[in-house]
Amino acid sequence: MKKSLLMLTAFLSLWTMAQQNDHLPYYEIPDYPERYTAGAVASRMIDGLGFRYYWATEGLRAQDLNYKPSDTGRSSSETIDHILGLSNFILKSISKEDDQNEKDELSFEEKRRRTLLNLKKASDILRPLDDLAPFDNERFPFWNLVNGPIADAIWHCGQVVMLRRASGNPFNSKVSVFAGKLRE
C-alpha cells in the first residue's frame, strides 16, 4: 500500500510538472518577424535565450540543481537564481512591471516559470518596435542590456548545460539551437 501511494505521488508530481511545462513559452522559438527592425532583432535574441533556458532547465533533478563543481563555484540552483534575477532586470528595464521579490522562497519550477514568462514578456514588448532609443535612460543605454544581462543570461544557460552534463543528466540531444526546434 505504501509503495503504491509513493508511486502515485511521484506520478502526480511528474504529471503536474508536465502540465506546467505545456503552458510555458519557448518549447520552440516562435516564428521570426517579417521585417528586420531593432525591436525584432532584440526580441529574437531574447527568444533564443528563452529557448536555450527552456531546454537547459528541462528535466533537471534535485541532484542536478545541487551539483557544484567546486567549493567556490555556483551550483545549478544558484545559477538559475542568477538567471531569474537577470530576466527580472531585463523586463523591468523596458516595462512598468513591478519588481518581483527575488527573496521569496520559490520552488525550482516557479523560478523556471517566472524566468520564461519574463523573457516572453520582454520579447513581446520589443518585437513590434522600430526604435529602441526610448529605453535609454540616465543610467545606461539599451545597448547595455544587450551586452550585459541578455548576453550574461545566455552565458549562464551554457553553464547550466555543462553542470547538468557533469551531474549525469545531459542536455537533450534532439534540441537544435540553430533551428529553434527539436529534431525529429
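Observations on the structure shown:
- Scanning the stretch 46-97 for residues that are among the basic types (Lys, Arg), in contact (Cβ under 8 Å) with a residue 12 or more places away in the chain and in a helix (DSSP H, G or I) gives a single hit, Arg52.
- The stretch 19-45, residues that are open to solvent by 70 Å² or more (accessible area, probe 1.4 Å), at pLDDT below 95 and part of a helix (DSSP H, G or I): Gln20, Asp22
- Failed condition for Leu49, given (1) open to solvent by less than 60 Å² (accessible area, probe 1.4 Å); (2) under 18 Å from the mean Cα position of the chain (by Cα); (3) farther than 15 Å from Val177 by Cβ: (3)
- The listed residue being more than 29 Å from Ile125 (Cβ to Cβ), loosely packed, with under 12 Cβ neighbours inside 10 Å and modelled with pLDDT under 65, out of Thr72, Thr16: Thr16
- Pairs meeting the criteria (first residue in the stretch 136-155 and assigned to a helix (DSSP H, G or I), second residue of a type in the set (Ser, Thr, Tyr) and open to solvent by less than 60 Å² (accessible area, probe 1.4 Å), beta carbons under 7 Å, at least 6 apart or on different chains) are Leu145/Ser93; Ala153/Ser87.
- Selected residue (only one of Arg165, Arg139 is surrounded by fewer than 18 Cβ atoms within 10 Å (Cβ to Cβ) and within 30 Å of Gly73 (Cβ to Cβ)): Arg165
- Scanning the stretch 142-162 for residues that are loosely packed, with under 13 Cβ neighbours inside 10 Å and farther than 22 Å from Arg74 by Cβ yields one hit, Trp143.
The values are calculated or read from the model by the stated rules, or taken from the named source; none is laboratory data. Here the structure is a predicted model, which is why all the values come from computation and not from measurement. Note: ideal-geometry Cβ built from the backbone for every residue, glycine included; neighbour counts use all protein chains shown. Heavy atoms of the whole protein, side chains included, go into the accessibility calculation; ligands, DNA and RNA do not. Shrake-Rupley method; radii C 1.70, N 1.55, O 1.52, S 1.80 Å.
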